[in-house]
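First up is the structure itself, then whatever we jot down about it.
The values are calculated or read from the model by the stated rules, or taken from the named source; none is laboratory data. Please read these numbers as outputs of a predicted model, since none were measured by experiment. Using ideal geometry, Cβ is built from the backbone for each residue, glycine included, and neighbour counts are taken over all protein chains shown.
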């Protein structure tokens, strides 16, 4: 548990995966650390902590955000979605199912960030997606295991599935 | 033994059973482990490549923060000592004592209540250094007057190696023509997305170290040796690991430091490496310079190879591989898949003031493949032969197997020549080459490159015994328990961190018992839970742990056959194992479910046949005899376009024809190939650890050290050939590393081809960054 002793605690109120939270924290606390350590949302993986690798990507008000670069205090009032918010009642959602079917993950460390980036892409588009569109959208998420081939397949499969 | 159950699980393209936990954010990475009272560590690292420590001032530490220095732990170290005669050894300290030998070496460890405070506290530590001249290249290290990195050594060389095949001189003379060059592979590493991570807890008499490692038992051995305690007091747990690629296949000082700090403080101590530390202290790899000449006849028949291998091994020899690993591997495999027999090679693993050098997917084979394949391309150009045909005529031919290679290895089989035929037809090679030649005439810098290789995989006792390593990584172990509900647990000594072994081991062993995947669980990573074995590296886990698991499954099956035959009053040979249970051939109504059979075995010993004991457990080790490795092969072809203005290379297509023997799961095989190729594209085009002349590492973020993105890696096509291994259980061959071996040679060949219209150029250095490509463009124009 990170419990930072610092002057002037701040109170942050936000909704995470549909649940309202009010958390008192240090002004320097990073959003990723707060969500991981205080709310137990350990699906957020930290790969570089300088905003490059994309593993810690979450959705803040529907837009993909590097949670390692955002202070918790600046998320006050936000609506946040993490990977824990994707599946419902223990069932994989269609995007998650597509990743399993297409073998779109190996070690799993980039997977939550990749899923949330793909969620943003799917929510902002209609119809089956082209390979180039998908590659462009995930170009800010590093995967070191898959060579991206099956991740692209998985997202395309999900885009076809939503219109079926 | 032959298992003929239906449905077959081996060969089935089934989805991975481990996926749901990763897809729902429930990966069990070290960072997610929390223990009561846990405190957090931060390391103060050396800012100098080579310096004496003249003082450490801890007076500025905030209250409640603990600190340790090298003096506190001077008696402990990690030893990576080779058995080769004349090897110059140096223990790797836990924290530097008196002297630092690379930028990033841990000097002071601070432990605080939370990681933010630990980071602040580390900033208050003042260390005085007296800088010494830094040794930052192999060339400099081997000069007579070079400063000694380890003062009691006679030079900066770990140990020189040499090998000459019988008949080298006459074979060399038989090939009056030659091409030669200096082949350079930049320093880089596996860079898993999860940094290293450790959580150590010393409780009662047990030292429990949770660490992100590929080799839990070997790390346990290293910690026990370092701390001078019996092995049964150390337990290593490596749960989910966010990528390894070899970086996490060494024992590290930070693992021992966390255990020592936890013992001293009486609380659990956690350390999560940050990305900058990963560049500065996680082991580097790949840094090879080869000087090599290929000797051949007028017809283009290769007769001999002469080579010198230089590797920049950094400041310390690593455990368990030692500093000889890459040089030795390169020396063995440099002749590649070719049939010539004349070979002379020297190897110089050299000590420098850089991060120690460890394993990375492919170990030395990418560099070896680069050298031999570039030479073959140059020979083909010299002789005016098509590059694929030049390869075909020099390959080990189907009738030659088993082939005693010029490098002293036994190639046990494969489909080298067939892979050329399959590739040519698949990609319409002749048409593609003709179209590109046309496009080049119109001014476009397009080109095609290729590389063919054979890869030693699953090498065990015989091979590692030759290599002089302190531990002979001979075998893996699997313990199987079929429980009273008819569910199987496979406890394996390997580790799975992306390779899908939770699925493939279940397929390979579960099939023997007719069990569906949802009744098989694979556990690994906890040394108290699995029997001794080495871990996951060297394309061996499916072959060795799979072999062990399958043999143990057969043991259990034999016992079940006795019991079922007794219960069903049938003969053992007439039993069929299916998902429904065990039935008798010809009379399906005579059957027993697996759950019932298992329940009886555990809970009704009174019903068992005479002489059959209760419980269903079996443990096997497997070393894939004869233990010299089983050889896979692959042919990679890629096409590029080079931007003449910027030197930017775009990789347009990439195709792989590969043969890894019998496939347990083609979906997973393809995933491994894609991932390996993507990392090889990093090797070829992007990734390089760059040091300045003072030994400062200049590439310490993802902005300076580029990883391939989804925009850089093209669609990768794969085609499989399946030549069963003649020696391994089930005919499997290892395939985890292969994808990473060829891309450097492929891209270099393609860029050279793309520049051919401008003039003749010899592309011999990777990564092919835009700056280097511009230099080659300039050179091509000069040469005309």
Sole residue being in the same structural domain as residue B:644 (by TED's automatic domain parsing) and within 25 Å of residue B:724 (Cα to Cα), chosen from B:418, B:438: B:418
Sole miss for residue A:159 among (1) surrounded by fewer than 24 Cβ atoms within 10 Å (Cβ to Cβ); (2) within 9 Å of another protein chain (Cβ to nearest Cβ) is condition (2)
With the checklist (1) surrounded by fewer than 15 Cβ atoms within 10 Å (Cβ to Cβ); (2) within 29 Å of residue A:161 (Cβ to Cβ); (3) within 11 Å of chain B (Cβ to nearest Cβ); (4) in contact with a helix residue (DSSP H, G or I) (Cβ under 8 Å, 6 or more places away or on another chain) in hand, flag the one item residue A:47 doesn't pass. (1)
Expected single match for in a helix (DSSP H, G or I), within 14 Å of chain A (Cβ to nearest Cβ) and buried (at least 24 other Cβ atoms within 10 Å of the Cβ) among B:744, B:682 is B:682
Scanning region B:304-328 residue by residue, those farther than 24 Å from residue B:104 by Cα and surrounded by fewer than 24 Cβ atoms within 10 Å (Cβ to Cβ) turn out to be B:306, B:308
Does region B:202-215 contain any residue that is outside the structural domain of residue B:496 (by TED's automatic domain parsing), out of contact with any helix residue (DSSP H, G or I) (no Cβ under 6 Å at 6 or more places or on another chain), surrounded by fewer than 24 Cβ atoms within 10 Å (Cβ to Cβ) and within 19 Å of residue A:144 (Cα to Cα)? no
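Condition check: away from chain A (no Cβ under 14 Å), surrounded by fewer than 24 Cβ atoms within 10 Å (Cβ to Cβ) and assigned to a strand (DSSP E or B). Does residue B:641 satisfy that? Let's see the steps before the verdict.
Details: away from chain A (no Cβ under 14 Å): yes; surrounded by fewer than 24 Cβ atoms within 10 Å (Cβ to Cβ): yes; assigned to a strand (DSSP E or B): yes.
Spelling it out, residue B:641 is indeed away from chain A (no Cβ under 14 Å), surrounded by fewer than 24 Cβ atoms within 10 Å (Cβ to Cβ) and assigned to a strand (DSSP E or B).
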The lone exception for residue B:688 - which of (1) assigned to a loop (DSSP other than H, G, I, E, B); (2) in contact with a strand residue (DSSP E or B) (Cβ under 8 Å, 6 or more places away or on another chain); (3) closer than 30 Å to residue B:475 by Cα it fails: (3)
Can you go through B:234, B:219, B:159 and tell me which one is crowded, with 20+ Cβ neighbours inside 10 Å and free of Cβ contacts under 8 Å to residues at least 40 places away in the same chain? B:219
Quick one: which of A:102, A:118, A:78 is at negative phi and assigned by TED's automatic domain parsing to the domain that holds residue A:20? A:78
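Can you find a residue in region B:546-558 that is over 30 Å from residue B:631 (Cα atoms), touching a residue at least 24 places away in the same chain (Cβ under 8 Å) and part of a helix (DSSP H, G or I)?
yes
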Scan of region A:112-155 for residues that are within 9 Å of chain B (Cβ to nearest Cβ), touching a residue at least 12 places away in the same chain (Cβ under 8 Å) and assigned to a helix (DSSP H, G or I), ordered by number: A:112, A:115, A:131, A:134, A:135, A:137, A:150, A:151, A:152
Which of the residues spanning region B:600-621 are farther than 15 Å from residue B:556 by Cβ and surrounded by fewer than 17 Cβ atoms within 10 Å (Cβ to Cβ)? B:603, B:604, B:605, B:606, B:607, B:609, B:610, B:611
Of (1) surrounded by fewer than 21 Cβ atoms within 10 Å (Cβ to Cβ); (2) more than 8 Å from every other protein chain (Cβ to nearest Cβ); (3) touching a helix residue (DSSP H, G or I) at 6+ places or on another chain (Cβ under 7 Å); (4) within 28 Å of residue B:677 (Cβ to Cβ), residue A:98 fails just (1)
Which ones in region B:761-784 are in a loop (DSSP other than H, G, I, E, B) and either loosely packed, with under 15 Cβ neighbours inside 10 Å or without any contact (Cβ under 8 Å) to a residue 24 or more places away in the chain (or both)? B:761, B:784
Top-ranked residue in region A:83-95 [being modelled with pLDDT of 95 or more and at the interface with chain B (Cβ under 7 Å from one of its Cβ atoms); ranked as nearest to residue A:160 (Cα to Cα)]: A:92
How about region A:61-108: which of its residues are part of a loop (DSSP other than H, G, I, E, B), within 23 Å of residue A:146 (Cα to Cα) and in contact (Cβ under 8 Å) with a residue 40 or more places away in the chain? A:82, A:103, A:104, A:105, A:106
Would you mind telling me which numbered condition in (1) touching a strand residue (DSSP E or B) at 6+ places or on another chain (Cβ under 9 Å); (2) farther than 26 Å from residue B:722 by Cα; (3) crowded, with 16+ Cβ neighbours inside 10 Å residue B:444 fails? (3)
Condition met for residue B:595 (at pLDDT 95 or above and either assigned to a loop (DSSP other than H, G, I, E, B) or surrounded by 18 or more Cβ atoms within 10 Å (Cβ to Cβ) (or both)): no
Tell me whether region B:8-26 contains one or more residues that are more than 26 Å from the chain's Cα centre (by Cα) and more than 14 Å from chain A (Cβ to nearest Cβ). yes
